Each structure stands twice: as C-alpha cells, then as structure tokens.
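The values are calculated or read from the model by the stated rules, or taken from the named source; none is laboratory data. None of the values given here were measured: they were computed from a predicted structure. Please note: Cβ atoms are built from the backbone with ideal geometry, for glycine as well, and neighbour counts cover all protein chains shown. Heavy atoms of the whole protein, side chains included, go into the accessibility calculation; ligands, DNA and RNA do not. Shrake-Rupley method; radii C 1.70, N 1.55, O 1.52, S 1.80 Å.
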Amino acid sequence: MKVGVFSVLLSSEPFESVLDYFCGIGVQAVEVGTGAYPGNAHCDPDALLRNDRKCSQFVDAIKSRDLVLSSLSCHGNPLHPDRKFAKQHDAIFRKTVLLAKKIGHDVVTTFSGAPGGHTGAKQPNWVTCSWPPDYLKVLDYQWKKVAIPYWKKTAAFAAKNSVKVAFEMHPGFIVYNPETLLKLRKACGNNLGANFDPSHLFWQGIDPNQALRELKGCVYHVHAKDTAINAANVLRNGVLDTKHYGDELNRSWIFRTVGYGHGREFWNEFVSMLRMIGYDGALSIEHEDSLMSPREGLEKAVAFLNEVIIHQKKGALTWT
C-alpha cells in the first residue's frame, strides 16, 4: 500500500515541481485531475491524446521519480439536467478513459452524477427522504430514466477500453453510500466500483470499515480524508448541513486532515480492513481541511499515513 496525493491540491504550480515536492515529503503515488470539477492543470487529455510525445513526457515525469499513477480523476456530473453541462462532463470522462487506455492505466475516478427531478428540470435534485410520495417519484425517474440508461452505456464504453470506473460516494449525487453504489453496479456493470472516501461516510453515520466489508471486490481507489463531527451542533441541528464550509464553528461537521477527525486507532483499523478485502493500492490524500494550509495539511497527512503503514508492515513481519 502506498501513500498518494491528489495533485489538484497544488494545481497552480508546475506539474514536475509538484512531483518533486511530493517525493521530498514521502509520497509514493499521485492522482491527477483531467477536467470537470478538479480541472486539468496537470493533465490535459486533449493534448496528450493528440500528441504522443507530450503523453510520454507526462508518463515519464511520474515514473522517473519512482512514483506510480493511482488514478486519472474527472469528478463531474454527466447526469446534470443542463444538457450542455452534462455533455461537457461526459466528453471529459470519455477522453479520460481513452487516455487511461493509451497510457496503460485501468482506473478512472469520478462521481455518479445527479439528475434533475423531472424532464425539463434546470438544477440537480438530491432526494434525502421518502415522504411526501413526490420524492419517490423523483427517485424513480432519476434511476430508471436517467442514471441507469446513461451508466449502462458508459460502463460498457469503459469496459471496452479495459477501464474500471471508481465512484466517490458523495452526498448530492445518485451514489452516496454502499447501497446506492451496489445498486448502480448491479444494474450497469461490474467494472463500476468505489473510489472509497471515508470522509463523506463519517457524517452520514456510516462506519467506513463496515462499508469496506460490504464493498469487498469493488474498491478500486481510496481517498484519505477525515471528517470532524461537532457533537454539540449535531445535537441541535442534525448532520444535514448546508452552511458554508468556511463556517467551521457552526457547522455540524467539517473536513479535516487525516488524524484530526479520527485518531490513530481508526486509521490503523481502516488500513487493516483495506488489506483484508484485498486492496493494496494508494491512499490518495485529498486535502480539504479549511483549518490548515495545503502544504501543512498535506505534510501532516503524509507523515501520519506513512507511520500507520510502516507500523502495520512491522506488525505483519512479527506475526509471521
């Protein structure tokens, strides 16, 4: 298992400088954004698909530093009711799949997307309850008329190009927990799986380690990000929280650097569970901690996770 970083964290800096910095702080893997919400500052699929020399330079920049590419990331919403927006994100996804095939990589990370609530809707609609019955009608429309038809076709395209699709289970989208992920996978194809990010599960009341058991065999990539729950605010307002992420004092929960929401015991168990379900890829740090600068949060996370992994390796040697 390797400690990785989602390079979008430092998207304003040149790619090779970012890779050098990663190597210097103990990173072994890199996840790179190709467009949609993460942007494509470090990897433009159009340019790399068009130009073999540039494509080779991109791959060599990673390999020459003894880093591995953990994923190409195009987190977007191809189910958006705004057709122009949806087509843009669908096109980015398809180019990312083709680029993955070209460079011999087999994992693309994304979101499942969120449709509107009906034909002609202008904005996505995330349903959080089953009553009044209107909401069940919305869900029926979203799954049967939009999500399943789109992902059946798109999963087949990815499979044809030997690519696995790793969905980040993210509230606001069709897939936000293990149940919805497995529902889409069953309907659309076994090359659909998880980009497992525990941070989005914590505040929903989901135990990430139980979720990993449920998803054995379909965890294709992992994000390392933590969440701190403010128990007092939860008691007053619950966990559904639309306040700005910058309003840390009043929110029910906020994203944190690993180890600052849940301690060493959780992360030890998390890495152990990943091993037990057969995952041996990267723990890709996604820094969204508003209480730390990007470099501060990243360096703390890298040091923390390397200690967890090294400690477990030593333990494994002792057990044998």
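Roughly speaking, what is the centre-to-centre gap between the range 168-199 and the range 1-16 when only Cα atoms are used, to the nearest Å? When both Cα centres are located, 24 Å separates them. The mean sequence separation of alpha-carbon pairs under 8 Å and at least six residues apart, normalised by the residue count of the range 56-112, gives a relative contact order of 43 percent. Charge dipole of the range 183-292 (Cα centre as origin; +1 on each Lys and Arg Cβ, -1 on each Asp and Glu Cβ, all else neutral): 400 debye, rounded to the nearest 20.
Taken along the Cα-to-beta-carbon direction at a fixed 7 Å, the label points for T128 and L49 span 3.7 nm. Computed from the C-beta positions of L291 and V59 and an R0 of 30 Å, the FRET efficiency is 0.25 to the nearest 0.05. For S73, nonlocal amide neighbours, meaning residues 5 or more places apart or on other chains whose placed amide H falls under 5 Å from its own, are V32, G33, T34, T109. Once backbone amide H atoms are built at 1.01 Å from N, L283 has K2, V3, G4 as its partners under 5 Å, excluding neighbours fewer than 5 places away on the same chain. Simple rule: put +1 on each Lys or Arg Cβ and -1 on each Asp or Glu Cβ in the chain, find the dipole, and look at F270, A100, Q312; the Cα lying farthest toward the positive end is A100.
Residues in the chain average 46 Å² of solvent-accessible surface per residue, probe 1.4 Å, ligands and nucleic acids excluded. Rounded, prolate or oblate, given the Cα gyration tensor of the range 172-275, with a/c below 1.5 counting as rounded? Verdict is oblate for the range 172-275. Our coupling estimate for the range 212-224, obtained by passing each phi through the Karplus curve with A = 6.51, B = -1.76, C = 1.60 and θ = phi - 60°, is 4, 4, 5, 9, 3, x, 9, 9, 9, 7, 9, 9, 9 Hz, Gly and Pro reported as x. Using Cα-Cα distances under 8 Å and only pairs 6 or more residues apart, what relative contact order does the range 214-259 have, in percent? That works out to 47 percent.
3J(HN,Hα) along the range 234-251: 5, 4, 7, 10, x, 9, 6, 9, 9, 5, 4, 4, x, 8, 4, 5, 9, 6 Hz, from the Karplus curve 6.51 cos²θ - 1.76 cosθ + 1.60 with θ = phi - 60°, whole Hz, x for Gly and Pro.
Residues whose amide H lies under 5 Å from that of F196, counting only those 5 or more places away or on a different chain, are Y220, H221, V222, H223; hydrogens are built 1.01 Å from N in the peptide plane. At a 1.4 Å probe radius, carbon and sulfur cover how many percent of the accessible area of the range 189-295? Roughly 52 percent, rounded to a whole number. Computed over the chain, relative contact order equals 16 percent, with contacts defined as Cα pairs under 8 Å that lie 6+ residues apart. Residues in the range 303-311 carry Karplus couplings, in order, of 4, 4, 5, 4, 5, 4, 5, 5, 4 Hz; the curve used is 6.51 cos²θ - 1.76 cosθ + 1.60 with θ = phi - 60°, and Gly or Pro positions show x. Bridging of K160 to aspartates and glutamates at a Cα separation below 13 Å is possible for D106, once same-chain residues fewer than 8 apart are set aside.
At an R0 of 22 angstrom, the distance between the Cβ atoms of H311 and I25 translates into a FRET efficiency of 0.75. Listed by chain and number, the aspartates and glutamates placed with their C-alpha closer than 14 angstrom to that of K63 are E16, D20, E31; residues fewer than eight positions away on the same chain are left out. In this structure, the residue pairs whose Cα-Cα separation is over 31 Å, taken from K84/K183; K2/K122; K144/K216; K144/K164; K122/K243, are K2/K122.
Carbon-plus-sulfur accessible fraction, the range 1-106 (probe radius 1.4 Å, protein heavy atoms only): 47%. Across q = 0.16 Å⁻¹, the chain modelled as identical point scatterers on its alpha-carbon atoms has Debye log10 I(q)/I(0) values of -1.49, in the order of the q list.
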